[in-house]
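J.: If you scroll down you'll find the structure; I have some questions about it.
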Amino acid sequence: MERMAPGVLCRDGFLGGDDRPLGEILDADRAAVEAAGLTHEEIVRRLGEILRLAMARYGAPVEVGGGLTAVYVEAMGRIPCPWGGHGVFAKGEVRLADRLTGRQIVFTPLSVHLVDEHGFYQGKGSRYRLEPRLLAELLRRNDKK
């Protein structure tokens, strides 16, 4: 999709260095999510909760359970969904980190929408790629509140 390319909707695009066809990316991530014992819906629910908690703290870190800390970093502007017709989303990002291991993911309000509506975790190498295995690991820690 042209709208996924670097410079169209955002500087880096949504695919990173991933040159696989979009359908292949979606299928591989769906399989990885299932292998991790999760669903897109569970991921969206949990990321949405973390997003809301972090946004409510206006840039201050918030403990979200299981040794995880989230902080929302605000950015100016909004960005549309690359599929089109799904609205626009705040450009800020959440940094979700495991205090024990230092592992972290970075996601945006658009990231949550992309998983929810399209099952899209972005391409490998994308700044906001949500790697299903790491995501599952962090969210399981979040379950251990």
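The values are calculated or read from the model by the stated rules, or taken from the named source; none is laboratory data. Only a predicted model underlies this, so the values are computations on that prediction, with no experimental measurement involved. So basically every Cβ, Gly included, is an ideal-geometry build from the backbone, and we count neighbours across all protein chains shown.
J.: Restricting attention to region 46-55, does a residue exist that is part of a helix (DSSP H, G or I) and either of a type in the set (S, T, N, Q) or in contact with a Gly (Cβ under 7 Å, 6 or more places away or on another chain) (or both)? Step through it out loud before you land on a result.
T.: In the first step, residues of region 46-55 are kept if they are part of a helix (DSSP H, G or I); the result is 46-55.
Filter once more, so that each one left must be either of a type in the set (S, T, N, Q) or in contact with a Gly (Cβ under 7 Å, 6 or more places away or on another chain) (or both): none.
Within region 46-55, not a single residue is part of a helix (DSSP H, G or I) and either of a type in the set (S, T, N, Q) or in contact with a Gly (Cβ under 7 Å, 6 or more places away or on another chain) (or both).
J.: If you take the residues in region 112-134 that are more than 19 Å from D18 (Cα to Cα) and of a type outside the set (D, E), which one is nearest to the chain's Cα centre (by Cα)? Full working, then the answer.
T.: Taking region 112-134 as the starting set, the residues that turn out to be more than 19 Å from D18 (Cα to Cα) are 112-113, 116-117.
Going one step further and asking which of them are of a type outside the set (D, E), we end up with 112-113.
On the way: V112: 6, H113: 9 Å.
Only one residue tops the list, namely V112.
J.: A follow-up question, please. Quick test of your reading of the structure: G92 fulfils all but one of (1) loosely packed, with under 15 Cβ neighbours inside 10 Å; (2) more than 24 Å from A36 (Cα to Cα). Name the failing condition by number.
T.: That leaves (1) as the condition not met.
J.: May I ask you to verify whether E42 is touching a helix residue (DSSP H, G or I) at 6+ places or on another chain (Cβ under 9 Å), part of a helix (DSSP H, G or I) and touching a residue at least 40 places away in the same chain (Cβ under 8 Å)?
T.: Numbers: touching a helix residue (DSSP H, G or I) at 6+ places or on another chain (Cβ under 9 Å): yes; part of a helix (DSSP H, G or I): yes; touching a residue at least 40 places away in the same chain (Cβ under 8 Å): yes.
When the stated conditions are applied, E42 passes them.
J.: Can you name every residue in region 32-41 that is loosely packed, with under 15 Cβ neighbours inside 10 Å and not β-branched (V, I, T)?
T.: Start the filter on region 32-41 by keeping residues that are loosely packed, with under 15 Cβ neighbours inside 10 Å, which leaves 34-35, 37, 39, 41.
Within region 32-41, E34, A35, G37, E41 qualify.
J.: If only one of G13, G67 is under 15 Å from the mean Cα position of the chain (by Cα) and modelled with pLDDT under 90, which one is it? Before the answer, list the steps.
T.: Numbers: G67 fails: under 15 Å from the mean Cα position of the chain (by Cα).
None of the others qualify; the one that does is G13.
So that you can scan it fast, the table gives a plain yes or no per residue for (1) free of Cβ contacts under 8 Å to residues at least 40 places away in the same chain; (2) surrounded by 18 or more Cβ atoms within 10 Å (Cβ to Cβ); (3) under 24 Å from E137 (Cβ atoms):
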position: R20; (1), (2), (3): no, no, yes
position: L26; (1), (2), (3): no, no, yes
position: R30; (1), (2), (3): no, no, yes
position: R46; (1), (2), (3): no, yes, yes
position: E49; (1), (2), (3): yes, no, yes
position: A56; (1), (2), (3): yes, no, no
position: A70; (1), (2), (3): yes, yes, yes
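J.: Looking only at region 106-131, how many residues end up being surrounded by 18 or more Cβ atoms within 10 Å (Cβ to Cβ) and among the charged types (D, E, K, R)?
T.: From region 106-131, those surrounded by 18 or more Cβ atoms within 10 Å (Cβ to Cβ) are 107-115, 120-123, 126, 128-130; that's our starting set.
Retained after the next criterion (residues that are among the charged types (D, E, K, R)): 129.
Summing the residues that are surrounded by 18 or more Cβ atoms within 10 Å (Cβ to Cβ) and among the charged types (D, E, K, R) in region 106-131 gives 1.
J.: In region 62-111, how many are under 27 Å from G23 (Cα atoms), among the basic types (K, R) and in a loop (DSSP other than H, G, I, E, B)?
T.: So the count comes out to 1.
J.: Could you list, in sequence order, the residues of region 112-145 that are modelled with pLDDT under 90 and assigned to a loop (DSSP other than H, G, I, E, B)?
T.: Scanning region 112-145 gives K144, K145.
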